[in-house]
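The values are calculated or read from the model by the stated rules, or taken from the named source; none is laboratory data. Keep in mind that this is a model prediction, so the values were computed, not measured. Every residue, glycine among them, receives a Cβ derived from its backbone with ideal geometry; neighbour counts consider all protein chains shown.
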């Protein structure tokens, strides 16, 4: 995973300045396809059995939605010749849809464990993660509002789009931490969930920086955040690869033994 991220990002970093953006778009599509494909394989192998099956179905749908958003941006660049990232476009609709599926994924995961909310440990986790997330949310929205060059009603939608991303990240962070804490003793599931939680954190950081640079008109910095998004997909791919290789394979073996 680390080697893949280093290689993928190095290609962009050392590419010619005129080709960096094109390479970034292509790599975003490729890494999103890899992660989505591993998700499809996981769903096909595990089926929709129980909450885990439904959980990874929603995760896969979320990744596919984000893939569609990346394909839209690629079409804008190569098909329409739009070099700068639009402040608000149909790609944002796909990203928002992806967040909806990821939220459903986390809800199913919470049911699959299951998480007890009357547990003191979980209460502490909720309080601490909520404080950190709310602080991050307030800081991110405040910075976006300060940076955004607002010129009237026509800028309402772009402003809404920019402040929505940190809100959606906030919705995902708390349940992701809860799932991670409650799965730490389950080796087969804790590893992919650690990677998934790390992926969400990387995505939250990238969303914050990306939205702020779009709002302030610093389009020259957007390529830096693309490196985070590419790494995010690779981390998610690693999580799904582990889930396929170990958890699902063991479930299939257990099922075969029961039938025998």
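Can you confirm whether residue 53 is modelled with pLDDT under 85 and assigned to a helix (DSSP H, G or I)? First the steps, then the outcome.
Details: modelled with pLDDT under 85: yes; assigned to a helix (DSSP H, G or I): yes.
It is true that residue 53 is modelled with pLDDT under 85 and assigned to a helix (DSSP H, G or I).
Counting only residues that are in a helix (DSSP H, G or I) and without any contact (Cβ under 8 Å) to a residue 24 or more places away in the chain, which one in the stretch 67-92 is farthest from residue 39 (Cα to Cα)?
Taking the candidates together, the pick is 76.
If I filter the stretch 117-127 for residues that are touching a residue at least 60 places away in the same chain (Cβ under 8 Å) and over 27 Å from residue 212 (Cα atoms), do I get at least one hit?
Within the stretch 117-127, one or more residues are touching a residue at least 60 places away in the same chain (Cβ under 8 Å) and over 27 Å from residue 212 (Cα atoms).
Out of (1) closer than 25 Å to residue 159 by Cβ; (2) in a loop (DSSP other than H, G, I, E, B); (3) in contact with a helix residue (DSSP H, G or I) (Cβ under 9 Å, 6 or more places away or on another chain), what's the single condition that is false for residue 48?
(1)
State yes or no: is residue 64 part of a helix (DSSP H, G or I), in contact (Cβ under 8 Å) with a residue 24 or more places away in the chain, within 17 Å of residue 229 (Cα to Cα) and in contact with a helix residue (DSSP H, G or I) (Cβ under 8 Å, 6 or more places away or on another chain)?
On the way: part of a helix (DSSP H, G or I): yes; in contact (Cβ under 8 Å) with a residue 24 or more places away in the chain: yes; within 17 Å of residue 229 (Cα to Cα): yes; in contact with a helix residue (DSSP H, G or I) (Cβ under 8 Å, 6 or more places away or on another chain): yes.
Yes, satisfied.
Of all residues in the stretch 139-167, which are touching a helix residue (DSSP H, G or I) at 6+ places or on another chain (Cβ under 6 Å), surrounded by fewer than 20 Cβ atoms within 10 Å (Cβ to Cβ) and modelled with pLDDT of 70 or more?
Taking the stretch 139-167 and keeping what is touching a helix residue (DSSP H, G or I) at 6+ places or on another chain (Cβ under 6 Å), we get 140-141, 143-144, 147-148, 161-163, 165-166.
Imposing the further condition that a residue be surrounded by fewer than 20 Cβ atoms within 10 Å (Cβ to Cβ) reduces the set to 141, 143, 147, 163.
Result: 141, 143, 163.
Look at residue 41 and say whether it is within 18 Å of the chain's Cα centre (by Cα) and closer than 27 Å to residue 179 by Cβ.
Details: within 18 Å of the chain's Cα centre (by Cα): no; closer than 27 Å to residue 179 by Cβ: yes.
In short, no.
Taking into account only those residues within the stretch 86-104 that are closer than 12 Å to residue 70 by Cα and surrounded by fewer than 19 Cβ atoms within 10 Å (Cβ to Cβ), which is modelled with the lowest pLDDT?
89
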